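These notes concern the structure reproduced below.
The values are calculated or read from the model by the stated rules, or taken from the named source; none is laboratory data. Please read these numbers as outputs of a predicted model, since none were measured by experiment. Note: ideal-geometry Cβ built from the backbone for every residue, glycine included; neighbour counts use all protein chains shown. The accessibility values were calculated without ligands, DNA or RNA, using every heavy atom of the protein model including side chains. Shrake-Rupley method; radii C 1.70, N 1.55, O 1.52, S 1.80 Å.
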Amino acid sequence: MYDQNLFPLLDGPTSIQAKELERAMRSSTARRDVSPMKAKSIAVVSGKGGVGKSNVALNLALLLGERFKTPTVLLDADINMANLDVLLGLNVRLNLGHVLREELTLKEIILPISERVWLLPGGNGISGLKEVDWGSKSGLLKDLYVLDEKADAIVIDTGAGVNRDVLFFAMASDVIVIVTTPEPTALKDAYGLLKSFLLSYGRDKLSKKDLFFVVNMAQSSLEANAAAERLIKVSDRFLALSPRYLGYLPFDPKVAKAVKERSPVVKSYPKSSMARAMELIVSNLITKCGLEASGDSKELAAFGAFQRLLRKLRGE
Ligand SMILES: Nc1ncnc2c1ncn2[C@@H]1O[C@H](COP(=O)(O)OP(=O)(O)OP(=O)(O)O)[C@@H](O)[C@H]1O
Ligand SMILES: [Mg+2]
């Protein structure tokens, strides 16, 4: 069991330090924003529930951190049904609920889950917080600046369906990864989610996102590709949107096994078909949206994911 206080990600800046950091980051924003490299916040979303978002988000973050050496924060933004801590076998007492109630700061709840990956645990059944006004949580937002120092990517696991939090995090992120299964119901809901993004935020804003989708729990590549084609076709025809297909994940009993063992499948079963397919998906994501960089541009790429998320959360 982790004692959260033993593993602070941050050095506990005083509020003055935090302000200075915030100022310094703000002044460098313009330069970094014109960089061709984009630092990334990645929202993992779905229309239908139970299609594998949390497993995808968790394994994506771990692969980014460990396999692709990108320091990553995994944010459990499924406010009322958070379960990444359960998938990790952690006994988490302190979570985003405490931060949203302004009892604790992000740095007090963050946990290392591997060498380069940290978890911001979500709350469970946080009463009274169903409609979180994220933009007004100044303590939370201030801390997000500080996380930019440590992490190059932020992976956000969201709740199922079309609700305010999901729309909010998706539109605050640089990259949206929609998870669906090949089932017609899941595909229909994925399409419905895309339509909600379009209706809520407009074509201009949506076109600035890297919009991807993954077909999970496929019985075969044939089935996955047919499902992908269907989603691409209806999105194009009825919404004039072109989400890009990142690839598919096979139905693999090792996933359920790993969940029962409360350990991520890429860690427990790195040779399983799911783990290998996840690697392909992550490497595709990196190639398609320039997550990974080297040398000077690495620094530019690394910077700003949290800053951008923060500005968008504030509606700027
Ligand atoms: N590729 C896969 N092969 C087999 N089982 C899978 C696969 N992906 C996910 N599952 C199973 O599907 C179930 C749901 O997964 P998960 O909790 O990740 O979905 P979710 O979309 O986050 O759900 P929710 O909408 O409730 O948040 C889990 O029990 C998991 O074991
Ligand atoms: Mg989930």
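State yes or no: is L206 assigned to a helix (DSSP H, G or I) and free of Cβ contacts under 8 Å to residues at least 40 places away in the same chain?
Judged against the criteria, L206 is a match.
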When region 262-271 is examined, which residues are found to be out of contact with any strand residue (DSSP E or B) (no Cβ under 9 Å at 6 or more places or on another chain) and open to solvent by less than 90 Å² (accessible area, probe 1.4 Å)?
S263, V265, V266, S268, Y269, P270
Counted residues in region 272-293 being open to solvent by less than 20 Å² (accessible area, probe 1.4 Å) and closer than 24 Å to P182 by Cβ come to 8
Close pairs from region 51-63: first under 11 Å from L75 (Cα atoms), partner open to solvent by 10 Å² or more (accessible area, probe 1.4 Å), Cβ under 7 Å, at least 6 apart
S54/N83; S54/L87; L58/L87
Identify all residues within region 176-187 that are surrounded by fewer than 17 Cβ atoms within 10 Å (Cβ to Cβ) and touching a helix residue (DSSP H, G or I) at 6+ places or on another chain (Cβ under 9 Å); write none if there are none.
E183, P184
Could you tell me how many of the residues in region 267-301 are over 17 Å from the mean Cα position of the chain (by Cα), modelled with pLDDT of 85 or more and among the hydrophobic types (A, V, I, L, M, F, W, C)?
4
What residue, of V73, V99, is of a type outside the set (G, A, S), touching a residue at least 60 places away in the same chain (Cβ under 8 Å), out of contact with any Cys (no Cβ under 7 Å at 6 or more places or on another chain) and more than 14 Å from ligand 2 (Cβ to nearest atom)?
V73
Residue within region 162-175 that is modelled with pLDDT of 90 or more and open to solvent by less than 30 Å² (accessible area, probe 1.4 Å) present:
yes
So which residues in region 248-261 are crowded, with 21+ Cβ neighbours inside 10 Å and in a strand (DSSP E or B)?
Y248, L249
